[in-house]
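See structure below.
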Amino acid sequence: MLIRPSPYICAEWEFGGLPYWLLKDPSMQLRCYYKPYLDKIYTYYDELLARFKPLLCTNGGPIIAMQIENEYGSYGTDKEYLAYIRQAMIIRGMDVLLFTSDGYDDSNLQGGTLIPDVFATVNFGSRPEEAFAKLQEYQPDKPLVCMEYWNGWFDYWGDEHHQRGNDDVVD
């Protein structure tokens, strides 16, 4: 089982899993190395990761890997923040494969990964050869993994429903 416990999980809605009350602080800075935000993550991880620890494969459970952050390269480039999230997992005993998951262009892979220290995966909905070739430029000696394969797209309120043909997905 792969799990994605980072504070921001995306999901294209609901503030990406972040609690709305973070914005009650008008100076709050999200998804970066900002102490008030990191303090909230620390508290969150104290509770959440303690629940995952007995479920890790290193303890006989089904969890084989954990995601550090989701598509961070589309958002920012704060390596200190990503390293903090990684370390916060490690000090709480998350001794399974840790990975990042990003789009496959240079800016996403440069901003959202911690290569070579952390395994990187890519997300895409088409052109897998192109996506994997780009990932291979960054980590040529590791397996090629698509973490998210988009076979559709989300809808915005009031816009037309997005549809993707079966032939396009199969291709």
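The values are calculated or read from the model by the stated rules, or taken from the named source; none is laboratory data. From a predicted model like this one, the values you see are computed outputs, not experimental measurements. Note: ideal-geometry Cβ built from the backbone for every residue, glycine included; neighbour counts use all protein chains shown. Protein only, heavy atoms only, side chains kept; ligands, DNA and RNA dropped before computing areas. Shrake-Rupley method; radii C 1.70, N 1.55, O 1.52, S 1.80 Å.
Taking the Cα centre of the chain as reference, the dipole from Cβ charges on Lys and Arg (+1) and Asp and Glu (-1) amounts to some 880 debye.
Think of a 1.4 Å ball rolled over the protein heavy atoms: the chain then has 58 Å² of accessible area per residue. Where only DSSP H runs of four or more residues are counted, the chain gives -9500 deg cm²/dmol as its mean residue ellipticity at 222 nm, each run worth -39500 (n - 2.57). Residues R92, R86, ordered by accessible area of protein heavy atoms at a 1.4 angstrom probe radius and largest first, appear as R86, R92. Once all protein chains are placed together, Y44 keeps about 90 Å² accessible to a 1.4 angstrom probe.
With a 1.4 Å probe rolled over the protein heavy atoms of all chains, the accessible area of S101, S74 falls in the order S74, S101, largest first. Pull up the cross-link candidates among the aspartates and glutamates for K79, meaning alpha carbon to alpha carbon under 20 Å and not fewer than 8 places away within one chain. Straight-line reach from K79, under 20 Å: D39, E69, E71, D102, D105, D106, D117, E137. By the rule of a C-alpha distance below 21 Å, with chain neighbours fewer than 8 residues away ignored, the lysines paired with K53 are K40. Normalising the Debye intensity of region 84-151 to I(0), with uniform scatterers on Cα atoms only, and taking log10 at q = 0.16, 0.20 Å⁻¹ returns -0.53, -0.78.
A simple rule links phi to the HN-Hα coupling: the Karplus curve 6.51 cos²θ - 1.76 cosθ + 1.60 with θ = phi - 60°, which for region 158-163 gives x, 8, 5, 5, 7, 9 Hz, with x for Gly and Pro. For region 46-102, carbon and sulfur atoms together expose 58% of the accessible surface, with a 1.4 angstrom probe and every protein chain in place.
With kT/(6 pi eta Rh) evaluated at 10 °C and eta = 1.306 mPa s, and Rh the Kirkwood radius from Cα pairs, region 11-100 diffuses with a coefficient of 112 µm²/s according to Stokes-Einstein.
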